[in-house]
Each structure stands twice: as C-alpha cells, then as structure tokens.
C-alpha cells in the first residue's frame, strides 16, 4: 500500500493524538495514524551523489501516545545494516507526518534527517 492510497484513520484514534500536534501537522494526523497502524513502511534513502538505498521499517503498534514504539530499520535487505530506536508513539507519529509531507513534495518515501540522527544516535 502506497502513501498516496492512505485513507484517514478513525477520528476516535486520531483524537487521542491530536493534543500533541498543531497546524498543518494536525491536518496530516489522520493519514499518519493510518500509516502508523500499518506497522511497516518501505522506502528508499536518497544518498547525495549516489544511488538511493532501499529500506524496510517495522514497528510495534499501540493506541496510547505516551507508550514506547520500537522501530527497526533494515537497509538494502542486509541484516548487518539493521538499526533500532525506541521513542514515544507521539514522537514517532510526528516523524511519520514528516514522511507524508516529504512524499507529497518529492514522491519519495523517506524519513527526515532528524529521524536518522535519532536512529543512529548522533545527538547523544
């Protein structure tokens, strides 16, 4: 299922997360919740001056924004290129909102630089 075919999530599921977001992020929340409830995402990381690297991201699903999500990413189908990050659901959904915005602008399914910094623990 591609991002362009996402349908808005049930308003009851969206309302639980709504207090965490403002403005245009709140407007994208129904699609981001649907994406979150899928539990996985396939995309590709654009490498400057090189070829894009495909990835598969998977995560556990919970209905509470403050619960923790464990997101695992594997690049290029290679187990040695697997990474994992734990963060609050509302924070992970925020990254999924960014994925949706990025897709609408570039037609490429990818996370933001700030997500990769967290995934690779570059800010710790």
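What follows is calculated from the coordinates using simple rules that are stated; it is not laboratory data. Computed from a prediction, not measured in an experiment: that's the story for all the values here. Cβ atoms come from the backbone with ideal geometry, glycine included; neighbour counts cover every protein chain shown.
When each of 75, 95, 90 is tested for being more than 18 Å from residue 17 (Cα to Cα) and touching a helix residue (DSSP H, G or I) at 6+ places or on another chain (Cβ under 6 Å), the lone residue that passes is 75. Every test in (1) under 20 Å from residue 87 (Cα atoms); (2) in contact (Cβ under 8 Å) with a residue 12 or more places away in the chain is passed by residue 45 save one, and that test is (1).
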